[in-house]
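Take a look at the structure set out below.
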Amino acid sequence: MKYGKCLVVAAVLGMTVSAGAQTTVINSGIFSWVISNPYSVGDGSEGLIAFVLSVVNTTGDPANNPQAFDSKASGFGGITAAALHQEYSPGAAISTPVNNTGIASVIDTHFLLGGVPHAFDSGTGAPQENYLTNSAEAPATGGALAAFAETSFGNQLTGTFTLTGAVGDTMDVAHIVVPNGATVSVHGQVASTLGEKDPVDNFSFTVAVIPTPGALPLGVAGLALIRRRGRGDRMVT
């Protein structure tokens, strides 16, 4: 089977980032994958940046709102990168693949499901992350859990989940933290409210925060280099 390939360069230059600003990294049938404009996080030890990865219904039909994301149960690769930053607590047996603990901080990579009614696919779809190498970043966790928090780098965040309550046209999938200029890959499939599925998504993008002379402290230029490959690959303009 032959797979189509597209290379897209999307740049936001000389701008001050505002709340809700985002860049479309790929259009995929019913849905588009978007990222919020990245920003620097942490104490600078690892040059970390953070952004939110989301799925958006592009059709205007509420029946096509995103309801489920499969990145594990069907054997997909999930969200991967050479260095996904993590904050967690091995001593207190607290992992953070979901933002439902006090240790899922601004420098932690996790699914954004805390407070959102959802269910994980039983057994094979349970959320999972890994920890491979130490990080020099100081933990961002405060309060009673501060003494238990540690930082690390892993290379995978996976899980298969369905939103069980009312859904809107946007599903915030994950908060991702990587070193500036890192390449992130996504391998999974999204289903709509009616269960209709988009083709399996398998794409990568490189994202960086570039200082803009004269901009306010939150001013960045967001650079995304996106290569997508997969069944039914197509771009919508």
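Rule-based calculations on the coordinates, nothing more; no lab input. Computed from a predicted model, the values in this text were never measured in an experiment. Quick reminder, even Gly has a Cβ in these numbers, built from the backbone with ideal geometry, and neighbours come from all protein chains shown.
Give me the net charge of Pro127's neighbourhood, meaning all other residues with Cβ under 12 Å from the Cβ of Pro127; Lys, Arg count +1, Asp, Glu -1. Once all neighbours under 12 Å are counted, the net charge is -1.
Expressed as a fraction of 2.2 N^0.38 Å, the C-alpha radius of gyration for the stretch 152-208 is 1.34. With a cut-off of 14 Å between beta carbons, the residues surrounding Ile79 carry a summed charge of -4, where Lys and Arg count +1 and Asp and Glu -1.
Here Ala146 and Asn180 are evaluated by their C-beta separation; at R0 = 25 Å the FRET efficiency comes out at 0.45. For the stretch 26-41, 3J(HN,Hα) computed residue by residue from phi via the Karplus equation (6.51, -1.76, 1.60; θ = phi - 60°) reads 7, 9, 9, x, 5, 10, 10, 9, 10, 10, 6, 4, x, 9, 6, 9 Hz, glycine and proline entered as x. Fully extending the segment from Thr164 to Ser74 would add 30.4 nm, taking 0.36 nm per residue of separation and subtracting the current Cα-Cα distance. Taken as Cα centroids, the stretch 137-153 and the stretch 50-103 sit 20 Å apart, rounded to the nearest whole angstrom. For the stretch 19-126, the spherically averaged projection of the C-alpha convex hull amounts to 8.9 nm².
Within the shell of other residues whose beta carbon sits under 11 angstrom from the beta carbon of Val55, the net charge comes to -4, with Lys and Arg scored +1 and Asp and Glu -1.
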